[in-house]
Amino acid sequence: MYKTLLTSSEKGILTVTVNRPDKMNALNKDVMSDLDAVLNFIETTADVKAVILTGSGEKVFVAGADISEFVGLSNDEGKALAKKGQDIFHRVENATKPIVAAVNGFALGGGCELAMACHFRVASDNARFGQPEVNLGLIPGYGGTQRLVQLIGKGRALELLMSGNMIDASIALEYGLVNHVVPQDDLLPKAKMILEQIITKAPLAIAKCITAANAVFGPENGYDVELKSFGECFTTNDMKEGTAAFLEKRKPHFKGE
Ligand code: COA
């Protein structure tokens, strides 16, 4: 179905694995169009309640954009390449279902940017993060200069962006770039365990959490987005079910309606 992605589904959780093991799972044009296609699938498939995004193997999550595709690009072509990447990563960030990065090794350049576009990150203890673009005479182009500042603050972000240095999983945890660090074998189980809990909650409310949290960094006033989203919750059957279940001292059964 996909050239460069493996997918498997279990109890409403879709695991998407970037699979270019001979090229360190680097993001070439095929991976980007597969990511676009899998996002369409995620958004249109009711059975998919949440997503884990990871890389194949135990060494690398994604080692960046495919550097071989950069050779000979003009100013406009470089900009167009970055625009495509930004658009796809915006789709990840604004997905209506939770997308968690399970970072199983190197997350460099576009790999770090992809992990940062996800709603949050869980890492294995061998994971390493970095934006090494300056080594190539480049800067991040898939949102990395923005999301790194948002996630870890300007000083730490600029040190990483300008030095091209990598940080290990324990520093990433200290910086708040990842939520949890676990041994490699526990990585997918940990991500699944978190998502299994999340998907018992009201799906429309989850989507609105994502929208409102993203509004902190968007063009609209985030408090206004929160007000609008809060009000809309009152029009949902899930909100009626959730409050009724609480008052009747029973578990709610949310339908995402
Ligand atoms: N784009 C294209 N190819 C890449 C790649 C990338 N971002 N990252 C790795 N590869 C390729 C290598 O060219 C090599 O291909 P080859 O076997 O045909 O020569 C293969 O993947 C294995 O990589 P290699 O560098 O030999 O593995 P390693 O274990 O020595 O090092 C990394 C692993 C991740 C540290 C190293 O590959 C690396 O630094 N990659 C580039 C990271 C980067 O600069 N990303 C930002 C891109 S904007």
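The values are calculated or read from the model by the stated rules, or taken from the named source; none is laboratory data. All values derive from a computational prediction rather than experimental measurement. All Cβ positions, even for glycine, are placed from backbone atoms using ideal geometry, and neighbour counts span all protein chains on display.
Of the residues making up region 107-118, those that are within 8 Å of the ligand (Cβ to nearest atom) and surrounded by fewer than 24 Cβ atoms within 10 Å (Cβ to Cβ) number 0. Within region 177-219, the set of residues being more than 19 Å from the chain's Cα centre (by Cα), modelled with pLDDT of 95 or more and part of a loop (DSSP other than H, G, I, E, B) comprises 183, 200, 201, 202. For the structure I just gave you, tell me whether residue 121 is basic (Lys, Arg), touching an Asp or Glu at 6+ places or on another chain (Cβ under 7 Å) and surrounded by 19 or more Cβ atoms within 10 Å (Cβ to Cβ). For residue 121, the condition - basic (Lys, Arg), touching an Asp or Glu at 6+ places or on another chain (Cβ under 7 Å) and surrounded by 19 or more Cβ atoms within 10 Å (Cβ to Cβ) - is not met. Annotation note: Cβ proximity below 6 Å between a residue of region 241-257 that is outside any loop (DSSP other than H, G, I, E, B) and a residue that is surrounded by fewer than 11 Cβ atoms within 10 Å (Cβ to Cβ) (sequence gap 6+ or interchain) occurs for no pair.
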